[in-house]
Structures are given as structure tokens and as C-alpha cells.
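Below: the structure, in C-alpha cells.
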Amino acid sequence: MRFGAEVQADHSVRFSIWAPAQLSLSVAIDGAAPLPLRAGADGWHELTSAAAHPGTRYRFLLADGSELPDPASRFQPEDVHGPSEVIDPIAYRWSDGRWAGRPWTDAVVYELHVGTFTPEGTFRAAIDRLEHLATLGITAIELMPVADFAGRRSWGYDGVLPFAPDATYGRPEDLKALVEAAHARDLMVLLDVVYNHFGPDGNCLSRYAPQFFTDRHRTPWGNAINYDGEGSGPVRKFFIDNALYWLEEFHLDGLRLDAVHSIADDGPLHILEDLAQHVREHLSGRTIHLLLENDDNQAHWLTRTESDAPRLYTAQWNDDLHHVLHVAATGENGGYYADYLPLANCLGRALAEGFAFQGEMMKYRGSARGEPSAELPAAAFVAFIQNHDQIGNRALGERIAVLTTTPVARAIAAVYLFLPQIPMLFMGEEWGCVEPFAFFCDFSAELAQAVREGRRKEFAKFAGFRSEAEPEHIPDPQAEATFAAAKLDWSKLDDPAHSAVLQWYRAALAARRTHIQPLLRGLTGEHARYTTLGEGAVAVTWDTSAGTLMLAANLAAIATGGFPLEAGEPIWHEGDFGDDGRLGPWAVRWSLQRSPVP
């Protein structure tokens, strides 16, 4: 790629930076006297020097003497304001040459935050827990963003140097070792990337390349990234190169693009389509999965080719499904949960067709949302009852095991784990983890206070935090104790209660692998039918290649009748069932009625 420091065949290093607002720049190599870069007419400044080599630390200098890191730095050993380090991308000796990836229909995803997944919070430490995940039945781990962020702790969504794995987690070769170890255990590795904004501390782009941003579009974080205006060509290339970089240099199996509804592009070729096309064409010999977080429920990004391959994007996180299951389990109706009541209007559709809202008006949102989704494969949706957002964006960061009882938690888990959509667990869910996962960061004092106040204003929308006293109970995002409290306590696996939850999840995922996974290819929402039998009570069927898959779910605290009588082969049962079509409270039944063999 043209951006950054690139080791040449003769072991010299070519430095290149796009700085159209600067007439001249220089580079300081290992603290030596600055060397001037050659300025081109297109805004690029370049220099090839034999004074640099892998391991060299360097900074770019503006004409006024300001020192800056490389915006395409591959590593920042001293954080975002320190020098960048030259990395040779081919120096790592990979041993995963036989790895061919896995089809998406195999996927059981496990989202984790590297810094809180283990006590050490590093890439290397995570390797020691991969066997636990493989034994659990996980086939893909999804890492929350690891791009370099300011400070010692972060969720990762405020990164400012998108090519550099954060040094708090380890060096680039440590991340490569994690990917390699995962592949050795038949685990895919996906990575969250953020292409909708930069973090507030350490982003220097506007000083030498203001064309990276535009005031024609606004985002929750300020001016949008310029994907469609004057000077947007190198900006688009920067992010497309970033996607290819992670997939090529780190042998990743896929990416999850954060909050693409906040990416604005009015040009002739939307950046999301441009990026996906580059990935699909450039890496056509590999199995690559591209995922979206898209609050707009835009089904057109998820369509398939005639051969049933993703045209652009493989799947999307299904917030609608989370919301209906969460409302059923907790009864919460504040904020955006208000749009999912009554459940009778949303539950069956989210289970059968993916999106609950496919163009209808949402009162709390104040606008219509979504596109028809029944034609999409069921596997185009990622189903979950917990993720970093839905836990961490709660005021106190409570997990589902804290918010409800074991029978309720098992009932909603039994729905989503066997659903033809792709299941995703959040780290620790498999043993009923109760440690909170609240929002945390490590900013300077002034910015830290702004973050605190912003969090409190956000939670003012929810009834439980409208008094003046309640906000004081919200964990301080800046406090190290908030970060420490979010770390998984692996010793809990020795507790019989948590061990029992783990055994339940293992058994459920084994049953899914045996009974559901073989049915997924070609299965769409058009093969599904649902009947609403009460608030939280629904019967759903899917016509599959092997026969009729049947779900009977009573996600309510009272018994409900009218369910079809059990037929075919039982797959999984939770709760009590009557012989008269009644299901007890929090009862879930999956079965398969096989088609007659001709």
C-alpha cells in the first residue's frame, strides 16, 4: 500500500504520507536529524532511506516542527503520541498454510475484548483459552477493535491509528500468533474495525490532510469521514487498504464493520460496496466473511449471488432479535425497547425473517426503519442475547445472568442458540458470568469529564436513571476499577453453579451442530412461517431440505396454550409441556419432522 513505511527489497524503507495541506514534511529516524520528504503534486510526500530498517522508530515532522506518528503506522510502542515503528510484514513465519477457512454456516461466534478476556489482557494470554472455546463448540472468535487508542484501556471504538495493534495487548507478531493458534484449533478469527470516525485523542489528520473529513455530513462524533467529496480518493483508499491489510497480513478470516449507518457516501459507488468488492476480488481464493453493524436494517447489503455466495456482505448483527428476547426476559420498556412492545408485533417476525422492522414506523426512533428481509438467508443474521453494546451501554453494565433468573436466561438462550441464524456469545456468557462490562476508557482530564457527562445524559432517557441521585451510581468510565471489574474471573469455572451453566451451553451447541447446522444452506426467511399465540408466545416452522424444523416458545411467566403438539424428532427441550398443546412458563421446544424418504 502507498501509505506508511514499507520495507524494500534492498532492506531500505520507503516512507510515504498523504499531506495535501503541507508544502513540506520531513521524517526523523531513531531520533536523528530530520530528513526532508519529496513532495509530489498530488499531496503525497515520500522518501526512501537506507538509514531505516525493521524495528526503526520514526516520526513525521510538519514545517512548524510538530512531531506526528505515521497515520498508517503498523505499531506504536509508546502509544498514539509516540514514535511509530517500522514493521516488516513478511518477517513472521506462519505455520497455518493448510488453513482454508470455514463456511459461514459453520459459524458459532464468540465476541471478546482482549484486555478483559484474561487477567493479563494480551494476545498471547488469549491463546491459553482457545482450547476452552473449541471444547465449548465455538468456531469463530470476534475481537473487539484492537487498533491503537489513547491510554491504557479502551473498548477500542475510539482508535486513531487503524493499522497499529494497540501495544497494551502486545506486538503485531503476538496478534499473528493468536490467529495462528486459533487456526490450529479450527477456529476462525474475525476483527471489529471502525470506519465511521476516529477517536478524540491522538488523531492528527486534520492538521495535514483536512480532506479526510467533511462538514457536509455529520455523525454522532462530529464531522464525517470524507468518502464522497473533493479529495476523497486517498481517503477511500486508506480504509480499503486497511481492510485488506488486516485480512492479508494477519490471516484474519473476516471483519465486522462498526456502525455503518453512520457512514455517509452520496457518490456513485458507496464506500461499503467499493470496499467489499475490493476484498472479494483481491482475496477471491480465500473464504472471507464480512459482517456489518447497521442500525438502519438495510437488507440490500446482504443479498446473495446465484450460487448462494454473499454478493457483498455475509451477515449483520441482528439487534431486533436481541431486543425482542431482552424485552421478553426482563420486561424492560425504557428507551429504544419501547418500540418492541407489544412483543406480539415483533417476536415471530424477528425469529422467522431476521428483521422485526422492515420499513415500518418506529415511535421512539421517530422514523421508519428497515427493508424487507425474508428473501435473505437465515445465516445472514447474527443472533445474540448479549454483546458489548447491549451490556456495556447499560448504565451499570449488567449481564443477563444478573437481570433475570436461570430458567428465563436458559429459555431465551435456547431460542437463539438453535435458531437458523448464526449465534454469537459474549465472553463469559457460557458460564453465566455476572461481572459487569461497563464502558471504560483512559483519556486526559478534560476529555474524561466530557465522557462522564455524555454518559449521564444518554442514560437520562431511561426511567431508572432520571433522578439527580442515580447518575452517581454509574461506574466512572475513567476509573481503573471499572476496567478491572470487567475482567473475566476464570476461577468461577470451579463453582458448581457456573460449571453447570457451562455444561448446558456445551450440550446445546453440540445439539445445534448435529441438528441445525446441516439445515442452513439455502434456508431463507421465505421458508419460515410463524404464529403468535400470546405475548411472548410463538410457534415458528422452517421448511428445510431435511423436513420441517419446528420451534414452540413460551417466553412468558404464565402457561400458554394453542401450540402444535410435538411431532418428529426432539432436538431440545426447556421447561414444562402438556399433552394438550400448553407450554409452561419459559418453555422452549425444538423438533424436526423429517420429510418422507422417496
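The values are calculated or read from the model by the stated rules, or taken from the named source; none is laboratory data. Keep in mind the model is a prediction, meaning the values are calculated, not measured. A quick note on method: Cβ atoms are made from the backbone with ideal geometry, for glycine too, and the neighbour counts reach across all protein chains shown.
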So, first residue over 16 Å from residue 2 (Cβ atoms) in segment 219-241, second residue of a type in the set (Asp, Glu) and surrounded by fewer than 16 Cβ atoms within 10 Å (Cβ to Cβ), Cβ within less than 8 Å, six or more apart or across chains; the pairs are 223/215; 228/266
* To do: Tell me, yes or no, whether segment 202-220 has at least one residue that is farther than 24 Å from residue 25 by Cα, crowded, with 20+ Cβ neighbours inside 10 Å and not assigned by TED's automatic domain parsing to the domain that holds residue 70.
  => no
- Task: Return yes or no: is residue 489 modelled with pLDDT under 95, surrounded by 14 or more Cβ atoms within 10 Å (Cβ to Cβ) and acidic (Asp, Glu)?
- Result: no
Q. Going by the structure shown, is residue 307 among the polar types (S, T, N, Q), touching a Ser or Thr at 6+ places or on another chain (Cβ under 8 Å) and farther than 23 Å from residue 400 by Cα?
A. no
A careful count of residues in segment 23-40 that are of a type in the set (S, T, N, Q) and buried (at least 20 other Cβ atoms within 10 Å of the Cβ) gives 0
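Search segment 212-250 for residues being among the polar types (S, T, N, Q) and under 16 Å from residue 266 (Cα atoms), and hand back the single one that is nearest to the chain's Cα centre (by Cα).
Filtering first and then ranking leaves 219.
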Result of the Cβ filter at 7 Å on segment 439-465, keeping first residues that are under 9 Å from residue 478 (Cα atoms) and of a type in the set (A, V, I, L, M) and partners that are at pLDDT 75 or above and not in a helix (DSSP H, G or I), at least 6 apart or interchain, is 448/478; 451/441; 451/443; 451/477
The lone condition residue 242 fails out of (1) more than 21 Å from residue 74 (Cα to Cα); (2) assigned to a helix (DSSP H, G or I) is (1)
The lone condition residue 291 fails out of (1) more than 20 Å from residue 360 (Cβ to Cβ); (2) over 20 Å from the mean Cα position of the chain (by Cα); (3) among the hydrophobic types (A, V, I, L, M, F, W, C) is (2)
Taking segment 377-419 and the residues there that are of a type in the set (A, V, I, L, M) and in contact with a Ser or Thr (Cβ under 6 Å, 6 or more places away or on another chain), the one that is surrounded by the most Cβ atoms within 10 Å (Cβ to Cβ) would be 379
Residues in segment 86-111 that are in a strand (DSSP E or B) and free of Cβ contacts under 8 Å to residues at least 40 places away in the same chain total 0
>> Here is a check on your reading of the model: is residue 123 assigned by TED's automatic domain parsing to the domain that holds residue 252, under 30 Å from residue 516 (Cα atoms) and modelled with pLDDT of 95 or more?
In response: no
Going through segment 295-315 in order, the residues found to be in contact with a helix residue (DSSP H, G or I) (Cβ under 6 Å, 6 or more places away or on another chain) and closer than 17 Å to residue 374 by Cα are 296, 302, 313, 314, 315
Within segment 118-137, the count of residues that are over 24 Å from residue 81 (Cα atoms) and surrounded by 23 or more Cβ atoms within 10 Å (Cβ to Cβ) comes to 1
Okay, strands (runs of 3 or more DSSP E) sitting entirely in segment 15-79 with 2 or more residues that are aliphatic (A, V, I, L, M), I get 26-29
Only unsatisfied item for residue 597, checking (1) surrounded by 14 or more Cβ atoms within 10 Å (Cβ to Cβ); (2) modelled with pLDDT under 95, is (1)
In segment 239-263, anything among the hydrophobic types (A, V, I, L, M, F, W, C) and farther than 24 Å from residue 177 by Cβ is listed as 239, 240, 257, 259, 260, 263
Report task. Answer yes or no: is there a residue in segment 116-123 that is in contact with a helix residue (DSSP H, G or I) (Cβ under 6 Å, 6 or more places away or on another chain) and without any contact (Cβ under 8 Å) to a residue 60 or more places away in the chain. Result -> yes
Log entry, pairs with first residue in segment 582-593 being not assigned by TED's automatic domain parsing to the domain that holds residue 417 and among the aromatic types (Phe, Trp, Tyr), second being at pLDDT 95 or above and part of a strand (DSSP E or B), beta carbons closer than 6 Å, six or more apart or on different chains, reads 590/551; 590/571; 590/572
